[in-house]
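Below is one structure, written out as structure tokens; comments come after it.
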Amino acid sequence: MASILTPSVDALVTELARLPGIGPRSAQRLAFHMLRVPSERPQALADAIAAVVDRITPCTQCFSFAEGDLCPVCADTKRDPTVICVVEEPSAIMSIECTHEFRGRYHVLGGALSPIDGVDPEDLRIVELDQRIESDGVTELVIATNPTMSGEATALFLADRVRDRVKVTRLASGLPVGADLEHADELTLGRAYLGRREI
């Protein structure tokens, strides 16, 4: 069936639908919204996208997003360089920063170990992490990989690799606030039990 959209609108809908979490219907709504607003609004969006593509590079220290050599966290001299939080992707940094609890620095692995998908240790930034541990006098490595099979495998691999050199900790996992015990799966409930603390 032929498209009832003009070629340029159809192309916009197609590109928007490629974004994560945006399906065809949402892409159409976004495209139609852009056609209704003043022309400077979609142009500002296009300019912001172009600027990101042109200016963003990996941070030379932690491999997060940077405009220049260092990302804002690595450039902040008030952060503690002896504590490194290891994450899979830069997006996880935003979640941790929103807690306002962590004052160290980060290291982005660029994924998680998954032999079935062809992701081996040499495909991640593990050698660079080793170098940072040595050069920055790191005393604690906080492993904040995702609580998935590959994230857990990555956490265990890293812990075994560095535990003779630094203190290794892992983010606790368990029940979310407001959750009912009857709806928790066995793995989550088991972790919550193992991670119990005195009150």
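If you go through region 87-127 and keep only what is buried (at least 16 other Cβ atoms within 10 Å of the Cβ) and either of a type in the set (D, E, K, R) or in contact with a Pro (Cβ under 6 Å, 6 or more places away or on another chain) (or both), you end up with 88, 105, 108, 125. Of these, 134, 128, which one is part of a helix (DSSP H, G or I), at pLDDT below 95 and under 18 Å from residue 160 (Cα atoms)? After applying the criteria, what remains is 134. Of the residues screened, residue 169 is one that is modelled with pLDDT under 95 and in a strand (DSSP E or B). Applying the set (1) hydrophobic (A, V, I, L, M, F, W, C); (2) under 30 Å from residue 153 (Cα atoms); (3) surrounded by fewer than 11 Cβ atoms within 10 Å (Cβ to Cβ) to residue 50 leaves exactly one unmet item: (2). Among the residues making up region 137-157, those that are in contact with a strand residue (DSSP E or B) (Cβ under 6 Å, 6 or more places away or on another chain) and either more than 24 Å from residue 188 (Cα to Cα) or part of a helix (DSSP H, G or I) (or both) are 137, 138, 139, 140, 150, 155.
Going by the conditions given, is residue 66 aliphatic (A, V, I, L, M), surrounded by 14 or more Cβ atoms within 10 Å (Cβ to Cβ) and touching a Pro at 6+ places or on another chain (Cβ under 7 Å)? For residue 66, the condition - aliphatic (A, V, I, L, M), surrounded by 14 or more Cβ atoms within 10 Å (Cβ to Cβ) and touching a Pro at 6+ places or on another chain (Cβ under 7 Å) - is met. Residues of region 94-110 that are at pLDDT 95 or above and not aromatic (Phe, Trp, Tyr): 103, 104, 105, 107, 108, 109, 110.
Selection of region 68-96 for residues being closer than 16 Å to residue 145 by Cα, without any contact (Cβ under 8 Å) to a residue 12 or more places away in the chain and either of a type outside the set (A, V, I, L, M, F, W, C) or touching a strand residue (DSSP E or B) at 6+ places or on another chain (Cβ under 8 Å) (or both) yields 91, 95. Scanning region 26-78 for residues that are outside any helix (DSSP H, G or I) and more than 19 Å from the chain's Cα centre (by Cα) turns up 37, 38, 39, 68, 69, 76, 77, 78.
The values are calculated or read from the model by the stated rules, or taken from the named source; none is laboratory data. In this text the structure is predicted, and so the values were computed from the model without any measurement. Here Cβ is always computed from backbone atoms with ideal geometry, including for glycine, and neighbour counts include all displayed protein chains.
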